[in-house]
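Right, one structure below, let's go through it.
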Amino acid sequence: MELKSRTESEELLKMRSLNTRMELTQEEKFHYFNLEKGYEGEVKFDRMAENLREERYIINDLLLKINNSYFQIDTTLISQEVIRLLDVKNFEGDFCLEKDRFYAVKTGREYKNPITQLSKCASQFRQLLHDFKLHYLVEASVIFINPEFTLYNAQVDHPIILPNQVNRFLKSINSTSSKLNDGHKKLAKQLISLHQTKNPYSQVPIYQYEQMKREMYCKFCRSFLVSLQNHIFVCGKCGGHETVEEAILRNVREFQLLFPERKITTTNIYEWCNVDLSKRTFCRVLKKNFIAVGKTSDSYYK
Ligand SMILES: [Zn+2]
């Protein structure tokens, strides 16, 4: 049973938006690409985990804090006898582990060693259980989900699940029966309540309103080649359709995400979307979907 679902992080949503609306540096693009890729891998694993049977709790994307240090767990799987902490990685290509180094063979680019990260995370989690005076068995694994991933120098005792082992890993979990009790439930609730919503590690570059390309873009392929046809936005690149209302609301959400300090007013959103629609249309959509605060020309929406 899934107790906490997975959604794109605020960092990913912001980076996705910035990548569309401004020029990112190579390094920023690389970071953005990794976020997208990582999320894609996690979602892929979630789909596979949907086949888990018996009574188990699945808690996705936990960010916990202990002694002022944060740790993140992609998937926490609570079964009767064991709590599994799963870190899902979507690396693609040939990688090598050499002592503490973890790097891509082709480019030599070094990444944070997922095994080291995982063991730190597991020990912090055990500390947390200890503080709760709970004694559950904790097992942690890094799951490499991408079928195009190879790892050189992997040792048999490394806590890793390689792409061709993921199915068997899930099958072996399924082969053990699991009944949950109130203790498990209480723990799950506690973990969710401890989840931190602000990620201190998020790396979003500094951006200004003036830097942003302010125009309507396609929801599907993010091209700016959209045109209005019978009150529907049609993409000239991928052919995707979106109604005017949906498109405006999507832009309002993006505006709020990027500029939480700015008010949602008809004029602000009109300028943000910068598209061939009258202010009256914007006003109508905002009125329908938000609550107006104040009257006359300086009213804004919540
Ligand atoms: Zn498109």
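The values are calculated or read from the model by the stated rules, or taken from the named source; none is laboratory data. Note that the structure is a prediction, hence the values are computed from the model and not measured. Every residue, glycine as well, gets a Cβ built from its backbone with ideal geometry; the counts of neighbours run over all protein chains shown. Ligands, DNA and RNA are excluded from the accessible area calculation, which covers all protein heavy atoms including side chains. Shrake-Rupley method; radii C 1.70, N 1.55, O 1.52, S 1.80 Å.
When the range 9-36 is examined, which residues are found to be closer than 25 Å to residue 110 by Cα and within 10 Å of the chain's Cα centre (by Cα)?
Within the range 9-36, 9, 11, 12, 35, 36 qualify.
Filter the range 1-38 down to residues that are among the basic types (Lys, Arg) and in a helix (DSSP H, G or I) and give me whichever is least open to solvent (accessible area, probe 1.4 Å).
The first filter runs over the range 1-38 and keeps only residues among the basic types (Lys, Arg), leaving 4, 6, 14, 16, 21, 29, 37.
Subsequent filtering for residues that are in a helix (DSSP H, G or I) retains 14, 16, 21, 29, 37.
Numbers: 14: 36, 16: 44, 21: 6, 29: 73, 37: 39 Å².
Top of the filtered list is 21.
What's the number of the condition residue 198 fails, among (1) among the basic types (Lys, Arg); (2) within 16 Å of the ligand (Cβ to nearest atom); (3) within 20 Å of residue 10 (Cβ to Cβ)?
Only one criterion in (1) among the basic types (Lys, Arg); (2) within 16 Å of the ligand (Cβ to nearest atom); (3) within 20 Å of residue 10 (Cβ to Cβ) is unmet by residue 198, namely (2).
Given the residues 56, 101, which is the only one that is closer than 24 Å to residue 154 by Cα and touching a strand residue (DSSP E or B) at 6+ places or on another chain (Cβ under 8 Å)? Steps first, answer last, please.
Details: 56 fails: closer than 24 Å to residue 154 by Cα.
Just one listed residue meets the conditions, 101.
What is the one condition in (1) under 15 Å from the mean Cα position of the chain (by Cα); (2) within 21 Å of residue 162 (Cα to Cα); (3) assigned to a strand (DSSP E or B); (4) touching a residue at least 60 places away in the same chain (Cβ under 8 Å) that residue 41 does not satisfy?
(3)
Six or more apart or on different chains, Cβ atoms under 8 Å: show the pairs whose first residue is in the range 229-240 and more than 12 Å from residue 217 (Cα to Cα) and modelled with pLDDT of 95 or more and whose second is near the ligand (Cβ under 7 Å from one of its atoms) and not β-branched (Val, Ile, Thr).
Once the first residue is more than 12 Å from residue 217 (Cα to Cα) and modelled with pLDDT of 95 or more and sits in the range 229-240, no partner that is near the ligand (Cβ under 7 Å from one of its atoms) and not β-branched (Val, Ile, Thr) comes close enough.
Residue-wise test of (1) open to solvent by less than 50 Å² (accessible area, probe 1.4 Å); (2) away from the ligand (no atom under 13 Å from the Cβ).
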{"residue": "204", "(1), (2)": "yes, yes"}
{"residue": "207", "(1), (2)": "yes, yes"}
{"residue": "221", "(1), (2)": "yes, no"}
{"residue": "229", "(1), (2)": "no, yes"}
{"residue": "235", "(1), (2)": "yes, no"}
{"residue": "243", "(1), (2)": "no, yes"}
{"residue": "252", "(1), (2)": "yes, yes"}
{"residue": "255", "(1), (2)": "yes, yes"}
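Please go through the range 153-202 and give me each residue that is among the hydroxyl-bearing types (Ser, Thr, Tyr) and within 18 Å of residue 71 (Cα to Cα), ordered by number. Before the answer, list the steps.
Quick first cut of the range 153-202, residues among the hydroxyl-bearing types (Ser, Thr, Tyr) only: 172, 175-178, 193, 197, 201-202.
Those that are among the hydroxyl-bearing types (Ser, Thr, Tyr) and within 18 Å of residue 71 (Cα to Cα): 193, 197, 201, 202.
Within the range 286-302, track down each residue that is of a type in the set (Lys, Arg) and modelled with pLDDT of 85 or more.
Here is the first cut: in the range 286-302, the residues of a type in the set (Lys, Arg) are 287-288, 295, 302.
Listed by number, the residues that qualify are 287, 288, 302.
Can you give me the ranges of the strands (runs of 3 or more DSSP E) entirely in the range 92-171 with at least 3 residues that are open to solvent by less than 50 Å² (accessible area, probe 1.4 Å)? Before you say what the answer is, go through the steps one by one.
On the way: elements: 93-98, 101-104, 137-144, 149-152.
Because the criterion is at least 3 residues that are open to solvent by less than 50 Å² (accessible area, probe 1.4 Å), the strands (runs of 3 or more DSSP E) in the range 92-171 that meet it are 93-98, 101-104, 137-144.
Would you point out which residue out of 66, 58, 73, 78 is of a type in the set (Val, Ile, Thr), under 21 Å from residue 139 (Cβ atoms) and in contact with a His (Cβ under 9 Å, 6 or more places away or on another chain)?
On the way: 66 fails: in contact with a His (Cβ under 9 Å, 6 or more places away or on another chain); 58 fails: in contact with a His (Cβ under 9 Å, 6 or more places away or on another chain); 73 fails: in contact with a His (Cβ under 9 Å, 6 or more places away or on another chain).
When all the criteria are applied, what remains is 78.
Of everything in the range 44-68, what is more than 20 Å from the chain's Cα centre (by Cα) and open to solvent by 40 Å² or more (accessible area, probe 1.4 Å)? Give them in sequence order.
As a first pass, look at the range 44-68 and keep what is more than 20 Å from the chain's Cα centre (by Cα): 51-56, 66-68.
Within the range 44-68, 51, 53, 54, 55, 67, 68 qualify.
Go through the residues of the range 261-269 one by one and say whether even a single one is in contact with a helix residue (DSSP H, G or I) (Cβ under 7 Å, 6 or more places away or on another chain), charged (D, E, K, R) and within 16 Å of the ligand (Cβ to nearest atom).
No, the conditions are met nowhere in the range 261-269.
Against the definition (within 19 Å of residue 33 (Cα to Cα) and part of a strand (DSSP E or B)), how does residue 71 come out, yes or no?
Spelling it out, it is not the case that residue 71 is within 19 Å of residue 33 (Cα to Cα) and part of a strand (DSSP E or B).
I'm checking my understanding of the structure. Among residues of the range 209-219 that are under 18 Å from residue 256 (Cα atoms) and open to solvent by less than 50 Å² (accessible area, probe 1.4 Å), which one is nearest to the ligand (Cβ to nearest atom)?
So in the range 209-219, the residues under 18 Å from residue 256 (Cα atoms) come out as 209-217, 219.
When the remaining residues are screened for being open to solvent by less than 50 Å² (accessible area, probe 1.4 Å), the result is 209, 212, 216-217.
Values: 209: 25, 212: 19, 216: 11, 217: 8 Å.
Per the criteria, the residue is 217.
Give me the pairs, please: first residue somewhere in the range 257-285 and at pLDDT 95 or above, second residue anywhere and assigned to a loop (DSSP other than H, G, I, E, B) and buried (at least 17 other Cβ atoms within 10 Å of the Cβ), beta-carbon distance under 7 Å, and either six or more positions apart or on two chains.
The qualifying pairs are 273/216.
Of the residues that make up the range 124-147, is at least one modelled with pLDDT of 95 or more, within 24 Å of the chain's Cα centre (by Cα), at positive phi and not aromatic (Phe, Trp, Tyr)?
no
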